[in-house]
Each structure stands twice: as C-alpha cells, then as structure tokens.
Amino acid sequence: MSFNLNNVLRENIKNLVPYSSARDEFKGEASVYLDANENSYGSPLAESYNRYPDPLQLTLKQKISSIKGVPPRNIFLGNGSDEAIDILFRAFCRPGVDNVITVPPTYGMYEVSANINDVAIRKVHLTPDYQLNMEAIAEAIDQNTKMIFICSPNNPTGNSIDREDVETILANFNGIVVIDEAYINYSRQKTFIQELTEYSNLVVLQTLSKAWGLAGLRIGMAFASEEIIEVFNKVKAPYNVNEASQKLALEALNNIEQVNSWIKETVAEREKLVAELAKLPVVQKIYPSDANFILVKTTNARAIYNHLVKQGIIVRDRSKVELCEGSLRITVGTPEENKKLVEALENFS
Ligand code: PMP
C-alpha cells in the first residue's frame, strides 16, 4: 500500500506553526510562575484551578496507555471524540474540494462536521444486514477522497462491522480510515487499536462517555500513528481538556473493576431486555446488538415514542432514518428502568 500522510495532509496544516503556550515553552518545575498571566493569588474554590492544565495531558495519557497497551505518543485526547472528528476534517480535508465517505445509517456527527467544514459527503448505505457495501465504496472513492468513517459497533444499528471488510479497506485505501469504537467495551469483537503498527492510515476513536460513565467530563480518545497524533496536536486548541476533567478522569480510571462489572451487567440486561421485548406485539424485529443499546423495529414508532414520553421514558426515534424505518433506538437501562420500559410498552394500545 502506498499511504503517505503528506499526500493527504492539507498544505496549510503541513506548513502550520502551532501556537506555543507558556506550558509548552517551560516544562520543568519552578517555585514562581509568572509566565502565563494567571491569577497568582489562587482561585475562589476549595481546589485550585488558577493554573492552566497540561496541554498534552501526559499523566492521563500514561494511565490510558497502561490500560490500553498503546504508547502515549500514539494517543490524542480531546473534548469528547466529537473534537477528534472535527480536527480530522480541519487537518485533512480542503473545504469545497475534498470529500469523505460515510456508510449510513451511522453516527450523525461525521456528516455535521463535514458540513461545518464545507467538505462533500459521499454516502454509501450499508447493506440491509447493516454491513459494508464493498463494491459501492470502491466506486465512490476518487483522488479527493480523504477519509472513510466506519462505526463499529455501529450507532444506531448496534451491530459490529465485519472485520475482514474493514481490513480490506485499511489495506487498499490511500486515505485515512477512521474506526469509531465508542461502544467497543460492550462488543464481542476485538478492538483495532492493536493494529496501529500494521496500518499507518488507521485512526481509532474511543471515548470515556459510554462504558466509563463519564459523558459529562467530555474526554474522547484517538489512537493513531505518531505522525497523525502530531497533526492532531498541532491543530487542537492549546488547552483542549480542562484540569477538572483530567483530574477526575485519572481518578475514575483507577476504578476499572467497577466499570468492568457494569459492562457485564449491561450486556446481561441487554439480553434480558431483548427476550422481554421479543414477546411484545408492538415489536416486529430486534436487531442484534454489540452495544449498550438496541434498535427495535415497531408497528408504529412515532405513536409508541409519544406514549413512552407520556410515561416519562425517553428513547430515540430513528424511524425517519433510511434503513431504520419504524425503529426506535433504546439504551439499556438499569433493571428497574428496563422493567418500567417493558411495562409501558405492554400498556401501549
Ligand atoms: N461516536 C459515536 C458512535 C457515538 O455514538 C458518540 C456519542 N453518541 C460519539 C462518538 C461521541 O462521543 P463523545 O462523547 O466522546 O464526544
């Protein structure tokens, strides 16, 4: 394969001189910091936040590195993985010239980020069993196709994408292949983060927002070659992950047993919920899920959605999405929440 990062990187990013912060210019320990125009007196809180955070979040990356088995130099941290998605567009796609491929139905931010950055989208719909249409993808690629976004397990369908197909694309596409693994902790499939040395065009996205239970902290992760991570670091805002989030995430990452037990419980609850939903007359089809949600085809999605709202239960109506007609996307809740959901659905008439 002839992937060359310089061929896909925008010229202005290649030539960019990144912002150099006070924390970039002096990295040692000192007793008097008068270099960043912070408030030297403190902050009006019990804990001090008057100093800017580490721009490269090294301590947090070292912790993530020890959990994931990927060196810190191959990790980018952002304000949610949504930030990583946006940076990819800004770094690699020339507005009004380049295009990217998405494979809907899939996560909506790829398209929104493309639109914000004035980058054309080529949509190659998944097959009816929610797998990649390999021939149509090959046809959609031209010399200005910079990225392909593959979400696995996929949102909103819940299934994993066949690994061999993803490997075929990684081996043959001369642009960036983004594999969004936001839901990987719930999946039977293996992550792609161990393949970084094999594929220099691979970017794997993960997040602390799902299984780790930290959506409010806004911490997303991108795993990629050192060269691609350098590009992320050049383009990102200098202090993109705030100090409170860095501290709390570090603390949370010590509670891996808690997270693993929630993952097990969520997967068990998912299977129980599938069995319960399958008995209901309003349910026509339940799609296989590798995630913490299930896509459920119903007899009358909008009416069922409204009925649930009246009971104080909110699911996601995906019935207007192509290939998801009639479907609701339901997050797996606690046992009590799932029970309430099933009871509410039993009462729908
Ligand atoms: N990718 C997928 C597939 C998602 O479903 C989501 C959140 N709904 C995200 C990324 C965004 O995650 P974050 O909170 O890290 O921005």
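Worth pointing out:
- Members of the stretch 156-171 that are in a loop (DSSP other than H, G, I, E, B) and touching a strand residue (DSSP E or B) at 6+ places or on another chain (Cβ under 7 Å): Pro156, Thr157, Gly158, Ile161
- Only one of Thr127, Thr102 that is within 16 Å of the ligand (Cβ to nearest atom), out of contact with any Ser or Thr (no Cβ under 7 Å at 6 or more places or on another chain), modelled with pLDDT of 95 or more and on the phi < 0 side of the Ramachandran plot: Thr102
- Some residue of the stretch 220-237 being away from the ligand (no atom under 16 Å from the Cβ), closer than 26 Å to Asp24 by Cα, among the acidic types (Asp, Glu) and crowded, with 17+ Cβ neighbours inside 10 Å: no
- For first residues located in the stretch 163-181 and more than 26 Å from Gly80 (Cβ to Cβ), partners that are modelled with pLDDT under 95 and lie 6+ apart or on another chain with Cβ distances below 6 Å form the pairs Ala171/Met1; Asn174/Phe3.
- Residue-level analysis places Asn174 outside the set of residues that are within 16 Å of the ligand (Cβ to nearest atom), assigned to a loop (DSSP other than H, G, I, E, B) and modelled with pLDDT of 95 or more.
- Among the residues making up the stretch 188-197, those that are surrounded by fewer than 19 Cβ atoms within 10 Å (Cβ to Cβ) and either touching a residue at least 12 places away in the same chain (Cβ under 8 Å) or at positive phi (or both) are Arg188, Gln189, Lys190, Thr191, Gln194, Glu195.
- Pairs meeting the criteria (first residue in the stretch 6-22 and farther than 21 Å from Pro55 by Cβ, second residue of a type in the set (A, V, I, L, M) and in a helix (DSSP H, G or I), beta carbons under 8 Å, at least 6 apart or on different chains) are Leu9/Ala91; Leu9/Val231; Arg10/Ala91.
- Qualifying positions in the stretch 198-210 - touching a Ser or Thr at 6+ places or on another chain (Cβ under 8 Å), in contact (Cβ under 8 Å) with a residue 60 or more places away in the chain and within 15 Å of the ligand (Cβ to nearest atom): Leu205, Gln206, Thr207, Ser209
- Evaluating Val97 against the criteria (1) touching a Phe, Trp or Tyr at 6+ places or on another chain (Cβ under 9 Å); (2) in a loop (DSSP other than H, G, I, E, B); (3) aliphatic (A, V, I, L, M) leaves one unmet condition, (1).
- Verdict on Ile294 being farther than 25 Å from Lys123 by Cα and surrounded by 13 or more Cβ atoms within 10 Å (Cβ to Cβ): no
- Residues in the stretch 266-289 that are within 22 Å of the chain's Cα centre (by Cα) and either over 20 Å from Thr334 (Cβ atoms) or without any contact (Cβ under 8 Å) to a residue 12 or more places away in the chain (or both): Tyr287, Pro288.
- Filter result for the condition that a residue is assigned to a strand (DSSP E or B) and surrounded by fewer than 22 Cβ atoms within 10 Å (Cβ to Cβ), over Ile150, Ile121: Ile121
The values are calculated or read from the model by the stated rules, or taken from the named source; none is laboratory data. Model, not experiment: these values are computed from the prediction. Ideal geometry is used to build each Cβ from the backbone, glycine not excepted, and the neighbour counts take in all protein chains shown.
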